[in-house]
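K.L.:
Just passing along the structure, written as structure tokens.
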Amino acid sequence: MSDAARPIAIYPDLAGKVVFISGGATGIGEELTEAYARQGAVTCFVDIAEKEGEALEARLNAEGLKARFAYCDITKTADLQAAIRQFAAEEGPIRVLLNNAANDKRHDLEDLTEEFFDQTIAVNLRHQMFAAQAVVPMMKAAGGGSIVNFGSVSW
């Protein structure tokens, strides 16, 4: 993010809050990860883009921000929920959940297969429900939180 593109608004209520972002290493997710870290949030993120995730974590932490990365295939629900629980055990309850991970492969209806459909739903929708399932008890115990689900016209 260039200096000119850095957010100028500061949201003090995010300072110290633990944020979890799926698909946080590249693209829109990378921008979300950086923006929340710059707000003072403890920004935990997962992605299958391991090299990019590690580099983003290192860059943000080198700037004095708090970012935590873990490799995770979000289509493996047990792994996703384990990553969420691990971050919460180390950093505190997740108060903001950003379900950002997605696969934006465009396709024609005539070309749709059951395998492609199931994989697309697993990446674009199923993980959102099971991430929410993992964080809602934490949010309730902490007195509240926010869940934001991203979507795409491709699915």
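The values are calculated or read from the model by the stated rules, or taken from the named source; none is laboratory data. Predicted model only: the values in this text are computed from it and were never measured. With ideal geometry, Cβ positions are generated from the backbone for all residues, glycine too; neighbour counts draw on all protein chains shown. Ligands, DNA and RNA are stripped out before the accessible areas are found, and what is left, the full protein with its side chains, is counted by its heavy atoms. Shrake-Rupley method; radii C 1.70, N 1.55, O 1.52, S 1.80 Å.
K.L.:
Looking only at the stretch 48-64, decide whether some residue is closer than 19 Å to residue 27 by Cβ, touching a strand residue (DSSP E or B) at 6+ places or on another chain (Cβ under 8 Å) and touching a residue at least 40 places away in the same chain (Cβ under 8 Å).
P.N.:
no
K.L.:
I'm checking my understanding of the structure. Among residues of the stretch 98-128 that are aliphatic (A, V, I, L, M) and more than 16 Å from residue 146 (Cβ to Cβ), which one is surrounded by the fewest Cβ atoms within 10 Å (Cβ to Cβ)?
P.N.:
109
K.L.:
When the residues of the stretch 66-87 are filtered to those that are open to solvent by less than 20 Å² (accessible area, probe 1.4 Å), of a type outside the set (Val, Ile, Thr) and touching a helix residue (DSSP H, G or I) at 6+ places or on another chain (Cβ under 8 Å), which remaining residue is nearest to residue 30 (Cα to Cα)?
P.N.:
The extreme case among them is 67.
K.L.:
Report every pair of residues separated by at least 6 positions or lying on different chains whose Cβ atoms are under 6 Å apart, first residue within the stretch 100-117 and over 23 Å from residue 46 (Cβ atoms), second assigned to a loop (DSSP other than H, G, I, E, B) and open to solvent by less than 70 Å² (accessible area, probe 1.4 Å).
P.N.:
Close Cβ pairs (under 6 Å, with a partner that is assigned to a loop (DSSP other than H, G, I, E, B) and open to solvent by less than 70 Å² (accessible area, probe 1.4 Å)) amount to 106/154.
K.L.:
Could you look through the stretch 36-65, keep only residues that are closer than 18 Å to residue 135 by Cβ and not hydroxyl-bearing (Ser, Thr, Tyr), and pick out the one that is surrounded by the most Cβ atoms within 10 Å (Cβ to Cβ)?
P.N.:
45
K.L.:
So residue 102 ticks every box in (1) touching a helix residue (DSSP H, G or I) at 6+ places or on another chain (Cβ under 8 Å); (2) under 17 Å from residue 22 (Cβ atoms); (3) modelled with pLDDT of 95 or more but one. Which box is left unticked?
P.N.:
The single condition residue 102 does not satisfy is (3).
K.L.:
Another question about this same structure. Please pick out the residue among 24, 29, 40 that is on the phi < 0 side of the Ramachandran plot and not in a helix (DSSP H, G or I).
P.N.:
24 is the lone residue from the list that is on the phi < 0 side of the Ramachandran plot and not in a helix (DSSP H, G or I).
K.L.:
Do we find that residue 151 is under 26 Å from residue 13 (Cβ atoms), of a type outside the set (Phe, Trp, Tyr), open to solvent by less than 70 Å² (accessible area, probe 1.4 Å) and modelled with pLDDT under 95 in this structure?
P.N.:
Considered against the rule, which asks whether it is under 26 Å from residue 13 (Cβ atoms), of a type outside the set (Phe, Trp, Tyr), open to solvent by less than 70 Å² (accessible area, probe 1.4 Å) and modelled with pLDDT under 95, residue 151 comes out as yes.
K.L.:
I would also like to ask the following. Determine whether residue 91 is crowded, with 16+ Cβ neighbours inside 10 Å and among the acidic types (Asp, Glu).
P.N.:
Yes, satisfied.
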